[in-house]
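Engineer: This is the structure I have questions about; it appears just below.
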Amino acid sequence: MLSETLLLKPGYLIRRANQRSVAIFSELARPHGITGVQHIIMVAVGDQPGIDLSSLSDLVNLDKATTGAVVRRLAARGLVTVEALPNDKRAKSVLLTDEGEALSRKMRSVVEHSQQLVLGPLTEEERTMFFTIMRKLIGSPEIEQMRFPPAEERGETDARPTVILGVDRAEGRAYAERAAEQRQPLTLLARDGNYAADLANELRLRGALEVQSRSCSQAPDADNRARADVIAEVAAGAAFVVFSGWGEDADPSGPLVTDLEVLQDVLHALANAEGGLCILCSALAHLAPELDRLWRPRGVHVAGVAANGKHAHLAAECVSMLARQGAQAGGSVLRLQQPDVS
């Protein structure tokens with residue numbers, strides 16, 4: 001029988017929860033021959049290919065000696081490669097090998113299963129509260145302005161596809177991967193149509209049920225009408241649209257100018273399709289409240305996630321939260337920012 005005094009000690013509770021989490025993951029990961037620390041490092045390297053060892057150590061919050069030792073073991077198994085950086089021969093960059101990427105894909109189902117077991121006793125609202133509290137405790141980027149309605153206020157999952165524009169951006173890709181794991185039907189678009197097609201094929205190989213890609217690539221001097229037509233077509237049957245950006249640094253008029261042009265195409269398409277929700281997971285996220293006010297009379301709701309590529313997976317989680325709110329999310333902006341610890 002547990003002592004009531006111990007149950008009031010945060011350190012004890014955190015340690016017991018960590019022991020349970022580690023035990024569950026270790027049991028499920030044993031057939032793959034990978035430890036929890038090795039998996040965390042592989043995830044970090046996969047998110048930031050070519051990361052140097054020092055930055056990797058900071059990212060996974062391990063000392064440099066431990067990080068280096070784990071990387072050497074992964075390299076010995078052929079899961080990562082370690083190379084000297086061209087501009088600094090003393091620094092080493094780390095990349096996943098093809099075998100490492102294949103193992104990382106296999107581990108996604110293991111991680112999902114272990115998370116389901118660890119968080120199984122919690123309701124969906126309690127899980128959201130858990131992540132918020134734990135991030136605050138460890139001083140990680142926090143989610144601001146989050147509204148999460150009770151489960152009874154949310155409808156069933158929409159069978160219509162989610163349209164994601166800009167899957168060649170880190171946030172767009174991260175959300176596409178998350179949505180595919182949740183078996184949501186998807187339509188993917190990217191400035192480079194081949195990238196969208198390749199990602200769609202990759203998600204199908206992982207077991208996604210219904211993933212399509214559409215190409216609306218345009219040469220710099222081409223008529224953008226074709227792009228707008230494709231956006232109008234896919235938005236007409238969409239559950240909602242996620243816009244992760246479209247422009248590139250090489251755009252003569254600037255990447256944000258191109259993003260604004262494409263965003264206008266999206267909003268017009270949704271309005272003509274009798275409304276819908278657009279989530280801006282891009283540098284334009286701060287415009288969501290004003291755009292929501294302007295387009296709401298036409299049935300279009302706009303929300304935003306202010307993030308960057310460093311927090312792509314956390315941004316994808318925020319997009320999921322907004323998507324579950326549907327029209328109620330209109331005008332919201334979820335910001336990922338480092339809390340003030342001074």
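The values are calculated or read from the model by the stated rules, or taken from the named source; none is laboratory data. Since the structure is predicted, the reported quantities are computational estimates derived from the model, not experimental observations. Every residue, glycine among them, receives a Cβ derived from its backbone with ideal geometry; neighbour counts consider all protein chains shown. All accessible areas refer to the heavy atoms of the entire protein, side chains included, with ligands and DNA or RNA removed. Shrake-Rupley method; radii C 1.70, N 1.55, O 1.52, S 1.80 Å.
Engineer: Can you tell me which residues in region 255-273 are touching a Gly at 6+ places or on another chain (Cβ under 6 Å) and more than 16 Å from residue 227 (Cα to Cα)?
Structural biologist: First, pick out the residues of region 255-273 that are touching a Gly at 6+ places or on another chain (Cβ under 6 Å): 255, 258-259, 270.
255, the sole residue that qualifies.
Engineer: Can you name the residue in region 95-109 that is free of Cβ contacts under 8 Å to residues at least 60 places away in the same chain and open to solvent by 70 Å² or more (accessible area, probe 1.4 Å) and, of all such residues, is nearest to residue 27 (Cα to Cα)? I'd like the intermediate steps shown before the answer.
Structural biologist: So in region 95-109, the residues free of Cβ contacts under 8 Å to residues at least 60 places away in the same chain come out as 95-102, 109.
Remaining after also requiring open to solvent by 70 Å² or more (accessible area, probe 1.4 Å): 98-99, 101, 109.
Numbers: 98: 25, 99: 22, 101: 21, 109: 14 Å.
Per the criteria, the residue is 109.
Engineer: Going by the conditions given, is residue 79 at pLDDT 90 or above, open to solvent by less than 30 Å² (accessible area, probe 1.4 Å) and of a type outside the set (Gly, Ala, Ser)?
Structural biologist: yes
Engineer: Considering only region 155-183, state which residues are out of contact with any Asp or Glu (no Cβ under 8 Å at 6 or more places or on another chain), surrounded by 16 or more Cβ atoms within 10 Å (Cβ to Cβ) and of a type outside the set (A, V, I, L, M).
Structural biologist: Once the filter is applied, which keeps residues that are out of contact with any Asp or Glu (no Cβ under 8 Å at 6 or more places or on another chain), surrounded by 16 or more Cβ atoms within 10 Å (Cβ to Cβ) and of a type outside the set (A, V, I, L, M), region 155-183 yields 162, 166, 169, 171, 172, 173, 175, 177.
Engineer: Check residue 22 against each of (1) under 27 Å from residue 115 (Cα atoms); (2) free of Cβ contacts under 8 Å to residues at least 24 places away in the same chain; (3) open to solvent by 80 Å² or more (accessible area, probe 1.4 Å) and name the one condition it does not meet.
Structural biologist: The number of the failed condition is (3).
Engineer: If you go through region 40-60 one residue at a time, how many are touching a residue at least 60 places away in the same chain (Cβ under 8 Å) and open to solvent by less than 30 Å² (accessible area, probe 1.4 Å)?
Structural biologist: 1
Engineer: For region 271-320, which residues satisfy the criterion of being of a type in the set (D, E, K, R) and part of a loop (DSSP other than H, G, I, E, B)? Talk me through it step by step, then tell me what you get.
Structural biologist: Applying the first criterion (of a type in the set (D, E, K, R)) to region 271-320 yields 274, 290, 292-293, 296, 298, 310, 317.
Matches in region 271-320: 274 only.
Engineer: Can you confirm whether residue 277 is over 24 Å from the mean Cα position of the chain (by Cα), among the aliphatic types (A, V, I, L, M) and at pLDDT 90 or above? Please lay out each step first, then the result.
Structural biologist: Values: over 24 Å from the mean Cα position of the chain (by Cα): no; among the aliphatic types (A, V, I, L, M): yes; at pLDDT 90 or above: yes.
Considered against the rule, which asks whether it is over 24 Å from the mean Cα position of the chain (by Cα), among the aliphatic types (A, V, I, L, M) and at pLDDT 90 or above, residue 277 comes out as no.
Engineer: Kindly list, by first and then second residue, each pair from a residue in region 163-179 that is part of a loop (DSSP other than H, G, I, E, B) to a residue that is of a type in the set (Phe, Trp, Tyr), limited to pairs with Cβ atoms under 6 Å and residues at least 6 apart or on different chains.
Structural biologist: What qualifies is 166/246; 168/195.
Engineer: If the requirement is being among the acidic types (Asp, Glu) and at pLDDT below 85, which of these qualifies: 177, 152, 171?
Structural biologist: Details: 177 fails: at pLDDT below 85; 171 fails: at pLDDT below 85.
Answer to the check: 152.
Engineer: Only residues in region 289-308 that are within 23 Å of residue 320 (Cβ to Cβ) and in contact (Cβ under 8 Å) with a residue 24 or more places away in the chain count as the first member; pair them with residues that are open to solvent by 30 Å² or more (accessible area, probe 1.4 Å) and of a type in the set (Asp, Glu), Cβ under 8 angstrom, at least 6 apart or cross-chain, and list the lot.
Structural biologist: Note: pairs meeting the criteria are 299/274.
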